[in-house]
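For reference, the structure is listed below as structure tokens.
The values are calculated or read from the model by the stated rules, or taken from the named source; none is laboratory data. What you see is a predicted model, and the numbers here were worked out from it, not measured in a lab. Positions of Cβ are backbone-derived with ideal geometry, glycine not excepted, and every protein chain shown enters the neighbour counts. Ligands, DNA and RNA are stripped out before the accessible areas are found, and what is left, the full protein with its side chains, is counted by its heavy atoms. Shrake-Rupley method; radii C 1.70, N 1.55, O 1.52, S 1.80 Å.
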Amino acid sequence: MLRYPYKIITVILVFTLYSCVEKKEQPDQRETSSTSVMDNRIKITQAQFEQSKMLLGNLEQKSFPTVVNVNGMIDVPPENRAVVNATMGGYIKTTPLLVGDAVRKGQVLATIENPEFVMLQQEYMEVNEQLIYLKSEYDRQITMKAENITSQKSYLKAESEYRTAVATHTGLDKQLRMIHISPSKVREGSISSIGSIYAPISGSITKMNVTRGSYVSPATEILEIIDSDHIHLELSVFEKDIMKIKKGQRINFKIPESSMEIYGAEVHLVGTSIDANRTIRVHGHLNNDSDHNFLTGMFVNAGIITDSAFAKAVPNQAVVEVDDVFYVLVLDKIEGEVYYFKQVEVVVEKSYEGFMTVQSEAVFTPQTQFLIKGAFNLLGE
């Protein structure tokens with residue numbers, strides 16, 4: 001009979017001990033919860049801070065421009081581009097140059113052969129010889145007319161024949177010079193079936209459309225020369241933005257296909273007519289065109305700076321993008337040799353020359369300190 005009271009006492013003691021253990025565990029849970037809240041912040045020791053060469057910084061007052069983004073190309077003025085044609089048709093005799101060769105003004109580019117050149121020189125020589133006789137006869141008629149020993153008809157005939165011969169001689173002289181055959185050498189008896197084609201400007205050959213033996217007419221483009229001493233930007237600005245563009249505004253541009261380096265230019269001329277695609281041409285002069293190896297026809301992305309305003313900003317390195325969301329690390333406090341940072345979500349408004357303006361639900365003051373170097377190592381991985 002005594003066994004039942006002992007069992008009851010034993011059960012009561014077990015429940016009492018369990019309740020005591022449960023009460024002791026409750027403060028530990030609260031402590032664990034408090035620790036987890038603290039762990040939401042990022043802790044960095046002084047040693048880690050210095051080893052990773054991290055850096056703190058505040059908001060800075062920076063100028064942010066209003067930019068009109070446009071596309072365009074590298075080009076040259078019309079007087080720096082020349083298409084070379086033959087004045088008279090013929091067969092290419094020699095063409096020693098290749099695309100990329102540099103030429104100077106007056107240099108022989110090619111020679112062209114045509115039997116008609118011989119006939120032209122022959123006709124010139126015949127008229128030249130006739131001109132000597134007709135000049136003599138005309139002078140004689142002048143003298144005789146002054147002495148009233150010739151008729152008016154004879155005088156007028158001599159004058160007409162002489163002046164016609166002079167006109168023909170002058171025309172043939174010009175034609176020979178156009179195909180670069182010297183009339184003086186022809187008068188000396190030197191006749192050639194070959195004419196030369198000379199460079200009208202200095203520059204580099206960008207197109208070569210003929211080969212030796214090919215026939216060319218006056219309409220055939222034999223080659224093209226471009227002088228790159230004065231290259232410029234030809235930009236296309238949409239109609240909605242053109243009222244913002246003015247002469248003298250700064251242009252930043254890059255050549256996306258070859259380099260991401262930013263170059264400078266300035267608006268020089270703004271077009272006064274709208275193209276079929278509703279854009280207006282804007283002509284820009286490069287700041288240092290001689291320092292870069294730009295080629296005509298290169299595609300450019302450009303930004304025309306139309307205005308600017310000051311705003312508080314942080315360096316680009318202070319902002320980290322994670323899954324299409326931007327964050328900054330804000331210093332919460334320093335305890336001993338430990339830095340505590342809060343991860344704050346922000347919206348990037350503007351970005352220019354290494355700085356960004358950011359907005360957040362959190363209030364940033366001039367005293368707010370950001371991790372401006374090393375944030376990517378903590379958030380980006």
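Identify the residue in the range 120-139 that is open to solvent by 40 Å² or more (accessible area, probe 1.4 Å) and among the aliphatic types (A, V, I, L, M) and, among all such residues, is modelled with the highest pLDDT.
Per the stated criteria, the residue is Met125.
Inspect all residues belonging to the range 298-308 and state whether any of them is at pLDDT below 90, open to solvent by 50 Å² or more (accessible area, probe 1.4 Å) and either under 30 Å from Lys93 (Cα atoms) or more than 14 Å from the chain's Cα centre (by Cα) (or both).
Yes, the conditions are met somewhere in the range 298-308.
Check whether at least one residue in the range 299-314 is part of a strand (DSSP E or B), free of Cβ contacts under 8 Å to residues at least 60 places away in the same chain and not β-branched (Val, Ile, Thr), and report yes or no.
no
With the checklist (1) of a type in the set (Gly, Ala, Ser); (2) open to solvent by 20 Å² or more (accessible area, probe 1.4 Å); (3) under 30 Å from Gly284 (Cα atoms) in hand, flag the one item Ser52 doesn't pass.
(3)
Report the residue count in the range 69-119 for those that are in a loop (DSSP other than H, G, I, E, B), closer than 30 Å to Ala302 by Cβ and open to solvent by 70 Å² or more (accessible area, probe 1.4 Å).
The initial filter retains those residues of the range 69-119 that are in a loop (DSSP other than H, G, I, E, B), namely 76-77, 85-89, 95-101, 104-107, 114.
Keeping just the survivors that are closer than 30 Å to Ala302 by Cβ gives 76-77, 99-100.
Checking which are open to solvent by 70 Å² or more (accessible area, probe 1.4 Å) leaves us with 99.
Adding up the residues that qualify gives 1.
Which residues, counting only those in the range 45-66, are assigned to a helix (DSSP H, G or I) and in contact (Cβ under 8 Å) with a residue 24 or more places away in the chain? Write out each step before concluding.
To start, the set of residues in the range 45-66 that are assigned to a helix (DSSP H, G or I) comprises 46-51.
Gln46, Ala47, Phe49 - these are the residues of the range 45-66 that are assigned to a helix (DSSP H, G or I) and in contact (Cβ under 8 Å) with a residue 24 or more places away in the chain.
For the range 193-218, which residues satisfy the criterion of being of a type in the set (Ser, Thr, Tyr) and either open to solvent by less than 50 Å² (accessible area, probe 1.4 Å) or under 31 Å from the mean Cα position of the chain (by Cα) (or both)?
Ser193, Ser196, Ser202, Ser204, Thr206, Ser214, Ser217, listed by residue number.
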